[in-house]
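Structure, as structure tokens:
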Amino acid sequence: QAPSDSLTLGESRVEAAARRLVEAGFTNVRAVETASFTAFTVENDYYKIPAEGFARAVQILEGAGLDESKPVKLIGTSYKVPEVTISYNPSEGRWQTTKRLDASWDTVRKQPMLNNSFGKVDINVYPQVSLMNLIITQVYQSLWQISPALEVPLWPGAKFSYQVKIPIVNDGYGLTESLPHPGFITLSQRFRDPWHLNVLGKVTLGIFNSSYMGASLELAYWFPNERFWVDTKMAYLDQVRFGPSLVAVDGVRKKGPLPEWLAGFWFHPNAVPNWRFIWNVAANYYCPALQTQFTLRFERYLLRDYGFKFEMIRHFRHCSIGFYAMKGLDRAAHTNGGFRFQIALPPYRARRYGYVPRITTSGQMGMSYNANNEQYYYREIRSEASDNIMSKNYYNPFYIGAALNR
């Protein structure tokens, strides 16, 4: 449905623009006009790639007949937490994107919200492919999975996720990956500092990848020159297990409380708790001309080993392709490296109908290749099913700016 360009009786230009944004599929829309600026908030819901959604929002505002003598501020949010400010300054005649906030956010956040995203369920299907080259008699061993995830936005900043992994092909990845079993089960809370210091973060509780259970904290700070930023992640974790019992009586595996076809959902806590604290710190640089990100990270991994990781990631319109290299401080740790691919699968737009759960392909199909056969060291954690090299770049101001200028 195309947004209506006509004004309703008693409706201002700003109110009409907000209505058109809602009709275009945006959620958590707010609008305000003051003597010095006009401001809106939008959250992408219809477009799979947020940058494409922001480009559409800019088109709507350009055709809304707003007061051309005032700056226009479009604040993009994620789970109602502000991420970027897209500004139009009449004296410059162009749109600019920044991670920073100003008084426009303090004003518009107090306005009534249209098309609230609270409780609107998505079932995102994540196809996943993993490859490894560990034996000389076979070129690759592979794992192919379909991993649907139920994702629900809650209060501002919060999201609940429950993912199920369904194996299609498992060649060499172990018993658990041969059975349908839970992936991520998490409750996350995003936040941003209230003093406009440009610090963003996320706290996550639950079960992460590789069946690690615990809590994580992520923080990022963007410098005034937004090509540069630093980030860190800390987590306190213990490993659990999903799957059939490993105990055998007279050669027969012990049966669990679930039927055999659900054996992958049988939860086993760690009999000997072995909680560990892991962390990483990273310096990042983004080259806008090449849409390429360079990251150098120092980490403490899951096995309590330490090492450096270098990443170079090229971000395209609908995919991100990354190369990584890792070197541990332990002499036994081989230099490791590989590639990661994240691809947004069509359809690139998905309209929602009220509170009916929406089923669609995920914004990112993941594929990884470990090129140097390291199996023991360098084990990392992702906090949510949606965490990957592509989604972490969604709100990069230079990436969004490129989408606005296409």
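The values are calculated or read from the model by the stated rules, or taken from the named source; none is laboratory data. These figures come from a predicted structure and were not determined experimentally. Every residue, glycine among them, receives a Cβ derived from its backbone with ideal geometry; neighbour counts consider all protein chains shown.
Per-structure values
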{"item": "Qualifying residue in segment 158-176 (condition: of a type in the set (D, E, K, R) and more than 22 Å from the chain's Cα centre (by Cα))", "result": "yes"}
{"item": "Qualifying residue in segment 130-138 (condition: part of a strand (DSSP E or B), of a type in the set (S, T, Y), at pLDDT 85 or above and assigned by TED's automatic domain parsing to the domain that holds Y369)", "result": "no"}
{"item": "Number of the condition not met by L217 [criteria: (1) touching a Gly at 6+ places or on another chain (Cβ under 8 Å); (2) assigned to a strand (DSSP E or B); (3) surrounded by 17 or more Cβ atoms within 10 Å (Cβ to Cβ)]", "result": "(3)"}
{"item": "Matching entry among D231, D250 (being modelled with pLDDT under 95 and acidic (D, E))", "result": "D250"}
{"item": "Extreme residue, farthest from L296 (Cα to Cα), among residues of segment 226-256 that are among the acidic types (D, E) and not in a strand (DSSP E or B)", "result": "D250"}
{"item": "Per-region count, segment 288-307, residues at pLDDT 95 or above and surrounded by fewer than 13 Cβ atoms within 10 Å (Cβ to Cβ)", "result": "2"}
{"item": "Residues satisfying the stated conditions in segment 167-186, i.e. surrounded by 15 or more Cβ atoms within 10 Å (Cβ to Cβ) and part of a strand (DSSP E or B)", "result": "P167, N170, H181, P182, G183, F184, I185, T186"}
